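Note sheet for the following structure.
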Amino acid sequence: MARKGLWLINSVILLCLLACIGTIYSLTSKAPNFMLSCSSELFNHQAGEADHNHYLLVDLVSKDGLAQINYRYFDLSGNSAGTLAMTGKVNRIDTQRQIYDILVTTKQEYLGSKNVYKPEHYEYLSYVSGINLNKNGMHSLTIQVLERDEAKDYVVVLFQPSNTVCGCRLVN
């Protein structure tokens, strides 16, 4: 009988210890909050026509491990060529290599202005993310910081799988 009581006390202590470790881990392992406002100029070299060039604006917000990414496309006259709005969560951060891995779980697409050509980048990102979301229920997005200027709150990042390099403002 005394053994059962001792076993029960040890089990309760172990359970409390595990709960404390879990609480400490959840409080200290939160992903950092950040906001990027990025831009890039897209060229369709195969089309060879000026009206097939576009600007890409990417807004990325991460708060408490959740992420929202908006890819907004415009032609050179400023007309909307479409938007891809994605949400998900920050899966992993490699601080050594400055890589952020985001798991996208939802995507919405918005058509741009009538008679505005959709950029190939939009078509590609829509296609790849659609396949991944339909097949796996998630789309993996990786952001790697290539260059950083802390004094100017500016970074150059590489978005994958779209293979897009953007200049970004760090918004506090």
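The values are calculated or read from the model by the stated rules, or taken from the named source; none is laboratory data. Source: prediction; values computed, not measured. Note: ideal-geometry Cβ built from the backbone for every residue, glycine included; neighbour counts use all protein chains shown. All accessible areas refer to the heavy atoms of the entire protein, side chains included, with ligands and DNA or RNA removed. Shrake-Rupley method; radii C 1.70, N 1.55, O 1.52, S 1.80 Å.
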What distance in nm separates the two pseudo spin-label positions at ARG148 and SER37, each 7 Å out from Cα along the beta-carbon direction? 2.1
Divide the volume of the convex hull of the Cα atoms of the stretch 55-134 by its number of residues and quote the answer in cubic angstrom per residue. 105
Surface share of carbon and sulfur [accessible, 1.4 angstrom probe, percent] for the stretch 112-172: 48
Can you return the aspartates and glutamates within cross-link range of LYS63? Criterion is Cα-Cα under 19 Å, with same-chain partners fewer than 8 residues away left out. ASP94, ASP101, ASP153
